[in-house]
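Following: one structure in structure tokens, then a few remarks.
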Amino acid sequence: MTSALFRFPRPALSWLALGLVGLVLAGCGVNNVPTLEERAKAAWGEVQNQYQRRADLIPNLVETVKGYAQQEREVLTQVIEARAKATQVKVDASTITDPAKFKEYQDAQNQLSGALGRLMVTVERYPELKSNQNFLALQSQLEGTENRVAVARRDYIQAVQAFNTEIRTFPGMIWAKLFWGAKPLESFTATAGAERPPAVKF
């Protein structure tokens with residue numbers, strides 16, 4: 001009696017074997033690496049989106065402050081220069097796997113954060129500016145954006161942690177090397193001195 005196995009045509013057996021191998025690999029987590037990497041890239045995109053939103057608000061903020069406090073040219077210039085530097089840093093998909101590029105991007109954004117912090121502190125000297133409706137609206141939008149930046153950075157950090165853990169632990173490390181050639185992603189670190197408010201001399 002001929003076995004039922006030999007009744008299947010060879011191509012069908014090949015496809016069946018490939019399907020079974022695919023199911024076994026999927027069950028072993030081979031797809032976790034690209035899934036987590038794409039999640040981290042999406043989170044990185046949101047970080048960039050929020051930083052861009054902040055950069056877009058700054059020119060209006062600077063113009064509003066300038067109308068009331070032209071003598072604060074040094075602080076205003078620092079904000080403008082920091083914004084220019086932050087928007088000129090080239091960012092692409094390789095940024096999150098390149099420590100030097102990532103540090104350059106983070107440093108530029110940190111400099112802009114510091115300049116904005118100094119600007120907002122100097123505003124305390126100008127009660128009429130603090131009560132200006134345009135300034136209040138811009139300040140509110142900027143505060144909202146800073147909150148969104150913080151949330152986006154937190155989500156990115158968590159996504160990177162999940163991805164980096166996956167490619168460094170078993171069995172993810174096997175799939176990362178054999179199939180995907182995955183590299184660890186860079187993550188944000190706290191800015192040195194971030195716990196201290198900016199100093200302003202009167």
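The values are calculated or read from the model by the stated rules, or taken from the named source; none is laboratory data. Treat the numbers as computed from the prediction; the structure is a model and nothing was measured. Using ideal geometry, Cβ is built from the backbone for each residue, glycine included, and neighbour counts are taken over all protein chains shown. All accessible areas refer to the heavy atoms of the entire protein, side chains included, with ligands and DNA or RNA removed. Shrake-Rupley method; radii C 1.70, N 1.55, O 1.52, S 1.80 Å.
Being crowded, with 20+ Cβ neighbours inside 10 Å and not charged (D, E, K, R) is the filter here; which residues of region 165-179 pass it? Please lay out each step first, then the result.
We begin by selecting, within region 165-179, every residue crowded, with 20+ Cβ neighbours inside 10 Å; these are 166-167, 172, 175-176.
Result: I167, G172, W175, A176.
Name the residue that is nearest to the chain's Cα centre (by Cα), counting only residues in region 140-150 that are touching a residue at least 40 places away in the same chain (Cβ under 8 Å) and open to solvent by 40 Å² or more (accessible area, probe 1.4 Å). Full working, then the answer.
So in region 140-150, the residues touching a residue at least 40 places away in the same chain (Cβ under 8 Å) come out as 141-142, 145-146, 148-149.
Next, from what is left, pick out any that are open to solvent by 40 Å² or more (accessible area, probe 1.4 Å): 141, 146, 148.
Numbers: Q141: 20, E146: 13, R148: 11 Å.
Only one residue fits best here, namely R148.
Table: residues versus (1) at pLDDT below 95; (2) not aliphatic (A, V, I, L, M).
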residue	(1), (2)
N147	no, yes
A152	no, no
Y156	no, yes
V160	no, no
N164	no, yes
P171	yes, yes
L178	yes, no
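Report, by residue number, each residue of region 47-74 that is open to solvent by less than 80 Å² (accessible area, probe 1.4 Å), basic (K, R) and in contact (Cβ under 8 Å) with a residue 40 or more places away in the chain.
Residue satisfying the conditions is R54 alone.
Just to check your reading of the model, which residue among R39, R83 is closer than 30 Å to P127 by Cα, modelled with pLDDT of 95 or more and open to solvent by 30 Å² or more (accessible area, probe 1.4 Å)? If you could, list the steps in order and put the result at the bottom.
Working: R39 fails: closer than 30 Å to P127 by Cα.
From the options R39, R83, the qualifying one is R83.
Name every residue in region 151-166 that is of a type in the set (S, T, Y) and either in contact (Cβ under 8 Å) with a residue 60 or more places away in the chain or closer than 14 Å to A55 by Cα (or both), in order of residue number.
Y156
Could you list, in sequence order, the residues of region 95-119 that are within 12 Å of L76 (Cα to Cα) and surrounded by 18 or more Cβ atoms within 10 Å (Cβ to Cβ)?
The answer is L112, A115, L116, R118, L119.
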